[in-house]
Amino acid sequence: MQPHILKMLIKGEDEILDFKQTISSASKIAKTMVAFANHKGGTLLVGIRDNKTVAGIRTEDEKYMLDLAATFFCKPEVKIAIEEWEIDGKLVLECSVFEGMDKPYYAKDEDGDWWAYIRVKDKSLLASKIVVDVLRRQTLKTGTQINYSSKEKALFEYLAINNKITLKQFSKMLNLSRQRASKILVNLISTGLIRNHTTEKMEFYTLS
């Protein structure tokens, strides 16, 4: 077995590694690809079961599906590189997904709708509008000017005591519209003063 593949199997799935036994849907694999592209890149090992054992791929269909996902089901197109490895007499695909230079990246679902995803631990989660705006700000590489008004001060004081806050709580606390509250959070995240945390159930913000 290739040493680097063995290391991946030992390490297991995380924010930059995902195992797929088979690829049955280009739209579903595109979701993982854009999550990697919106993050710092990652690797898809195809032909590997969730329990880290080698299943192997049976046909060339998986390679076709990976290329189809990256080009047709990702917007902008996601850059990938595919290598084939023979492990225990079985063929495994190593698909490297490179970090994108034009974030945010979107995946097209089976209904034809486009959604942005981010990688959180070993899962690809739907990105909120705030996260999408932060990704867009990173791509534009424009400076962010912060005006420390009473609103920012109140947020910092709250977080110093309560550790975390949601968009809904922040909006309600200062009687702000969601749009105005979101803009403040995007600015603070972009400057590194606030961190956003996405889970399957909610998104919240803490001091960096």
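The values are calculated or read from the model by the stated rules, or taken from the named source; none is laboratory data. Bear in mind the structure is a predicted one, so any value in this text is a computation, not a measurement. FYI the Cβ positions are ideal-geometry reconstructions off the backbone, even for glycines, and counts take in every protein chain you see.
Can you go through Leu185, Leu125, Leu174 and tell me which one is more than 30 Å from Phe72 (Cβ to Cβ) and in contact with a strand residue (DSSP E or B) (Cβ under 9 Å, 6 or more places away or on another chain)?
Only one candidate passes the filter, namely Leu185.
Output yes when any residue across the range 72-82 is more than 23 Å from Val120 (Cα to Cα) and either at pLDDT 95 or above or over 16 Å from the mean Cα position of the chain (by Cα) (or both), and no when none is.
Within the range 72-82, one or more residues are more than 23 Å from Val120 (Cα to Cα) and either at pLDDT 95 or above or over 16 Å from the mean Cα position of the chain (by Cα) (or both).
When the residues of the range 15-31 are narrowed to those that are more than 14 Å from Glu94 (Cα to Cα) and touching a Phe, Trp or Tyr at 6+ places or on another chain (Cβ under 8 Å), which ends up surrounded by the most Cβ atoms within 10 Å (Cβ to Cβ)?
For the range 15-31, the residue satisfying everything is Ala30.
So for the range 86-95 (the condition being in contact (Cβ under 8 Å) with a residue 24 or more places away in the chain, in contact with a Lys or Arg (Cβ under 7 Å, 6 or more places away or on another chain) and either surrounded by fewer than 16 Cβ atoms within 10 Å (Cβ to Cβ) or assigned by TED's automatic domain parsing to the domain that holds Arg119 (or both)), does at least one residue qualify?
yes
Every residue in the range 30-58 that is in contact with a Gly (Cβ under 7 Å, 6 or more places away or on another chain), of a type in the set (A, V, I, L, M) and in a helix (DSSP H, G or I), please.
The one that is in contact with a Gly (Cβ under 7 Å, 6 or more places away or on another chain), of a type in the set (A, V, I, L, M) and in a helix (DSSP H, G or I): Ala37.
Just to verify a result, which residue in the range 138-155, among those that are over 27 Å from the mean Cα position of the chain (by Cα) and over 19 Å from Gln179 (Cβ atoms), is modelled with the highest pLDDT?
Lys153
For the range 17-34, indicate whether the set of residues that are at positive phi and within 19 Å of the chain's Cα centre (by Cα) is non-empty.
Looking through the range 17-34, none of the residues is at positive phi and within 19 Å of the chain's Cα centre (by Cα).
Where residues in the range 172-197 are in contact with a Leu (Cβ under 8 Å, 6 or more places away or on another chain) and within 16 Å of Gln138 (Cβ to Cβ), which of them is surrounded by the fewest Cβ atoms within 10 Å (Cβ to Cβ)?
Arg195
So Ile48 clears everything in (1) under 22 Å from Gln2 (Cβ atoms); (2) modelled with pLDDT under 95 except one condition, right? Which one?
Evaluating Ile48 over (1) under 22 Å from Gln2 (Cβ atoms); (2) modelled with pLDDT under 95 leaves (2) as the failure.
Are any of the residues in the range 18-29 assigned to a helix (DSSP H, G or I) and not small (Gly, Ala, Ser)?
There is at least one residue in the range 18-29 that is assigned to a helix (DSSP H, G or I) and not small (Gly, Ala, Ser).
Being acidic (Asp, Glu), under 30 Å from Ala70 (Cα atoms) and without any contact (Cβ under 8 Å) to a residue 12 or more places away in the chain: is that true of Asp133 here?
no
So Met202 fits all but one of (1) modelled with pLDDT under 95; (2) under 30 Å from Lys79 (Cβ atoms); (3) not hydroxyl-bearing (Ser, Thr, Tyr); what number is the exception?
That leaves (2) as the condition not met.
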